[in-house]
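What follows is a short report on a single structure.
The values are calculated or read from the model by the stated rules, or taken from the named source; none is laboratory data. Note that the coordinates shown come from a computational prediction; the quantities given were computed from them, not determined experimentally. Counting neighbours? That spans all protein chains shown, and the Cβs are built from the backbone with ideal geometry, glycine included.
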């Protein structure tokens with residue numbers, strides 16, 4: 001654990017900002033933080049010269065033990081996200097605290113099979129789980145289902161394709177809701193109960209752990225669909241983000 005602890009604000013330096021989609025950037029940070037668990041988040045605080053402060057929570061997308069990566073979607077009426085898209089540069093300092101959160105987490109020793117369902121930038125904590133799994137859980141089945149309006153709006157799509165091609169125990173499914181699929185395996189429909197039931201059947205595994213992350217509406221819809229697909233509520237953990245900062 002860092003000297004200041006996870007609940008104390010401390011300085012982090014932006015090392016790199018890179019676009020992932022037209023509205024999502026990857027932000028790499030250098031900070032003296034405790035080792036996070038896949039699924040945890042950081043609080044980020046920005047303070048203006050007049051003393052006004054705004055803060056937002058962002059899930060960590062990097063694997064435990066790796067440099068911290070946040071993925072930040074631009075909300076035009078937000079107080080924090082436009083800074084990372086329009087103003088921030090490498091070398092700038094911000095305030096962070098964390099890692100935080102103990103419910104929406106997964107470790108290799110938790111076992112599987114593991115089903116992950118992401119909507120938009122909700123892929124961030126699930127990407128941390130995928131990356132941790134890829135390093136430490138050989139042979140443990142994992143499926144990641146990502147919903148996005150178009151392929152170009154899906155973060156990490158090409159990296160996930162490469163991972164699926166290299167690992168027989170990993171399946172990646174893109175659910176594209178407003179355009180053609182990028183690959184033959186992509187779904188061009190919303191993730192309702194029949195679609196989720198079909199995906200799980202095709203996967204051939206009964207999940208032991210299910211993690212769902214996205215907007216409130218997305219999480220509610222997927223959770224209902226999973227229940228209708230006969231998955232027990234006790235195995236499903238959810239993380240939601242609102243529509244404004």
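Here are the numbers:
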{"item": "Residue check for residue 122: within 27 Å of residue 230 (Cβ to Cβ) and surrounded by 21 or more Cβ atoms within 10 Å (Cβ to Cβ)", "result": "yes"}
{"item": "Selected residue [in contact (Cβ under 8 Å) with a residue 60 or more places away in the chain and buried (at least 19 other Cβ atoms within 10 Å of the Cβ)] from 72, 60, 17", "result": "60"}
{"item": "Candidate set from the stretch 209-239 (those that are out of contact with any strand residue (DSSP E or B) (no Cβ under 7 Å at 6 or more places or on another chain) and either outside the structural domain of residue 154 (by TED's automatic domain parsing) or farther than 19 Å from residue 122 by Cα (or both)); member that is surrounded by the most Cβ atoms within 10 Å (Cβ to Cβ)", "result": "229"}
{"item": "Residue within the stretch 90-102 that is in contact with a helix residue (DSSP H, G or I) (Cβ under 7 Å, 6 or more places away or on another chain), surrounded by fewer than 21 Cβ atoms within 10 Å (Cβ to Cβ) and outside the structural domain of residue 130 (by TED's automatic domain parsing) present", "result": "no"}
{"item": "Residue that is nearest to residue 90 (Cα to Cα) [pool: residues in the stretch 27-42 that are without any contact (Cβ under 8 Å) to a residue 60 or more places away in the chain and part of a strand (DSSP E or B)]", "result": "28"}
{"item": "Selected residue [in the same structural domain as residue 224 (by TED's automatic domain parsing), buried (at least 21 other Cβ atoms within 10 Å of the Cβ) and modelled with pLDDT of 95 or more] from 145, 173", "result": "145"}
{"item": "Hits in the stretch 113-134 - residues which are closer than 17 Å to residue 173 by Cβ and under 11 Å from the mean Cα position of the chain (by Cα)", "result": "116, 117, 118, 119, 120, 122, 123, 126, 127, 129, 130"}
{"item": "Counted residues, the stretch 215-245 - those being part of a strand (DSSP E or B) and either over 15 Å from residue 175 (Cβ atoms) or at pLDDT 95 or above (or both)", "result": "6"}
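Residue-wise test of (1) closer than 26 Å to residue 205 by Cβ; (2) buried (at least 20 other Cβ atoms within 10 Å of the Cβ).
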residue: 79; (1), (2): no, no
residue: 107; (1), (2): yes, no
residue: 139; (1), (2): yes, no
residue: 156; (1), (2): yes, yes
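Each row is one residue, and each column tells you yes or no for (1) closer than 19 Å to residue 105 by Cβ; (2) in contact with a helix residue (DSSP H, G or I) (Cβ under 8 Å, 6 or more places away or on another chain).
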{"position": "7", "(1), (2)": "yes, no"}
{"position": "11", "(1), (2)": "no, no"}
{"position": "23", "(1), (2)": "no, yes"}
{"position": "35", "(1), (2)": "yes, no"}
{"position": "39", "(1), (2)": "yes, yes"}
{"position": "43", "(1), (2)": "yes, no"}
{"position": "54", "(1), (2)": "no, no"}
{"position": "69", "(1), (2)": "yes, no"}
{"position": "78", "(1), (2)": "no, no"}
